[in-house]
Amino acid sequence: MKILVVGNGGREHSLAWKLLQSQRIKQVICVPGNGGTATNPQCQNLSLRVDDFAGIARFALVHNVSLVVVGPELPLALGITDYLRRQNLVVFGPTQAGAQIESSKAWAKTLMQSAGVPTPGFAMFADKDEAIAYLKQQDAPIVVKADGLAAGKGVTVAQTIEEAVAAVEFLFKNKFNAVVIEECVMGQEVSVLALTDGITIRPLLPAQDHKRIGEGDTGPNTGGMGAFAPSPLVNPSLMARIEQDILQPTVKALQERGIDYRGVLYAGLMITPQGNPTVLEFNCRFGDPETQAILPLLETPLHELLLACTGRKLAEFPPISWQSGAAACVVAAAQGYPGTYQKGHAISGIEQAQERGAMVFCAGTQFKQEQLLTDGGRVLAVTATGETLEGAIAATYRAIDCIEFEGMYYRKDIGHRVIQT
Ligand code: GLY
């Protein structure tokens, strides 16, 4: 079986790595892939843009690709699934209509409201002056969200109304046509990613991400600087509530709107100090770096699960099997990220990190002249497993210590919130 994975991040490297653990998968084609997939003999990088749907379809049809797995939100929001399915390809990922759950915060909020899914109170504005007038009657902290894809930079948790007004002005000046202004809810963030065939859901292990660049969750937001799974905050009874009150009603609401949602429904949740889950956002794809912490613990063959989703057979699928223990992932980033950063620095120490038992997933990297080079802001995601979360975190840091590139930066406190409590 050949599988094509769309994307070039650490998430896609981990998807390719997991898929290739099955004897049934002969090859994973990565579009466009990265330096990590370039060096795996069972992977083939295909130099196409993720929005070159015709090119991807042509390749997949000629090479008898059995399944296309779409990593990032952008091609989903642009309709890659709709396009490839019209060519009779099997695609894991929602249609363009379903991807609105991530590409339009206003659409997602309206969906949640109609489905009775808990989410912070909000107001939506297509007019800048109305948004600012509304803000001036509110108290800080308050959250301002862009209504559209913003590559992780569309959310401002404003500590003052002046900061919120500046965020609204910035968004309207930068091509966004609408904003969502949301009540700021305190607590701990958890990511629950569920696989779905559009009817049935199967949650993966709950994970926690660390979105800020700085230790102690300070500084600007990033794509994610580290993750771990399973989150000890989500006990079986909380997971049952999340399924019953959030995931199932959302999938039902999508279905009632005639939306064919076969892919990942990623709920970005806040668990309030009272222990109640509320939805901060939905994403229409696997999380990055949550996936790099979740997949190493998965024992069920990944391709079988994904095909059960695309074939609408998830209800008949046996329970997902997980390795016991925990996994932690730490992201190594380029100096300056999430602002400007350099590329092209040589990366060393990956084999030594692997010898210490870690999985090293490449993100912003390229393989050029027999050398792995930095090629993005988030460069590597290093994951290790352990009997306990503390053990997994310690093993990850022992491994990442082996790796070097000029300007390498990583947070030293992944897991700090749950380990201290
Ligand atoms: N880790 C955050 C995201 O994937 O959106």
Self-check item: Number of positions in region 79-124 that are over 23 Å from residue 195 (Cβ atoms) and of a type in the set (Asp, Glu)
Solution: 0
Exercise. Scan region 66-88 and report the pairs whose first residue is surrounded by fewer than 24 Cβ atoms within 10 Å (Cβ to Cβ) and whose second residue is of a type in the set (Val, Ile, Thr), with Cβ atoms within less than 6 Å and a gap of 6+ or a chain change.
Key: 67/3; 67/90; 82/95; 85/91
Quiz item: When both residues are 6+ apart or on different chains and their Cβ atoms are under 7 Å apart, which pairs have a first residue that lies in region 259-288 and is within 16 Å of the ligand (Cβ to nearest atom), and a second that is open to solvent by 20 Å² or more (accessible area, probe 1.4 Å) and hydroxyl-bearing (Ser, Thr, Tyr)?
Solution: 279/119
Practice problem: Scan region 6-33 for residues that are open to solvent by less than 10 Å² (accessible area, probe 1.4 Å) and more than 16 Å from the ligand (Cβ to nearest atom) and jot them down. | Solution: 16, 19, 25, 28, 29, 30, 31
Quiz item: So which of 131, 99 is in contact (Cβ under 8 Å) with a residue 24 or more places away in the chain, more than 27 Å from residue 241 (Cα to Cα), among the aliphatic types (A, V, I, L, M) and not in a loop (DSSP other than H, G, I, E, B)?
Solution: 131
Quiz item: Quick one: residue 194 ticks every box in (1) at pLDDT 95 or above; (2) open to solvent by 30 Å² or more (accessible area, probe 1.4 Å); (3) not in a loop (DSSP other than H, G, I, E, B) bar one, so which box is it?
Solution: (2)
Practice problem: For residue 175, state whether it is surrounded by 13 or more Cβ atoms within 10 Å (Cβ to Cβ), out of contact with any helix residue (DSSP H, G or I) (no Cβ under 9 Å at 6 or more places or on another chain) and either modelled with pLDDT of 95 or more or within 30 Å of residue 289 (Cα to Cα) (or both). | Solution: no
Quiz item: Considering only helices (runs of 4 or more DSSP H) fully contained in region 2-76, which possess at least 3 residues that are at pLDDT 95 or above and out of contact with any Cys (no Cβ under 9 Å at 6 or more places or on another chain)?
Solution: 10-19, 53-62
Quiz item: Can residue 239 be described as more than 19 Å from residue 94 (Cβ to Cβ) and either at pLDDT below 95 or away from the ligand (no atom under 16 Å from the Cβ) (or both)?
Solution: yes
Exercise. Return the residue satisfying two criteria in turn: it lies in region 334-351 and is closer than 25 Å to residue 396 by Cα and of a type in the set (Ser, Thr, Tyr), and of such residues it is most open to solvent (accessible area, probe 1.4 Å).
Key: 341
Quiz item: Restricting attention to region 178-191, and to residues there that are away from the ligand (no atom under 16 Å from the Cβ) and open to solvent by 10 Å² or more (accessible area, probe 1.4 Å), which single residue is farthest from residue 209 (Cα to Cα)?
Solution: 178
Quiz item: So which of 382, 331 ends up being touching a helix residue (DSSP H, G or I) at 6+ places or on another chain (Cβ under 6 Å) and crowded, with 20+ Cβ neighbours inside 10 Å?
Solution: 382
Quiz item: residue 52 is checked against (1) without any contact (Cβ under 8 Å) to a residue 24 or more places away in the chain; (2) of a type outside the set (Gly, Ala, Ser); (3) closer than 19 Å to residue 376 by Cα and fails just one. What number does that condition carry?
Solution: (3)
Quiz item: What number goes with the only condition from (1) closer than 16 Å to residue 15 by Cβ; (2) more than 16 Å from the ligand (Cβ to nearest atom); (3) not aromatic (Phe, Trp, Tyr) that residue 291 does not pass?
Solution: (2)
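The values are calculated or read from the model by the stated rules, or taken from the named source; none is laboratory data. All figures in this text were calculated on a predicted structure; none of them were measured in a lab. Don't worry about glycine lacking a Cβ; one is built from the backbone with ideal geometry, like all the others, and counts go over all protein chains shown. The area values use the complete protein model at the heavy-atom level, side chains included, leaving out ligands, DNA and RNA. Shrake-Rupley method; radii C 1.70, N 1.55, O 1.52, S 1.80 Å.
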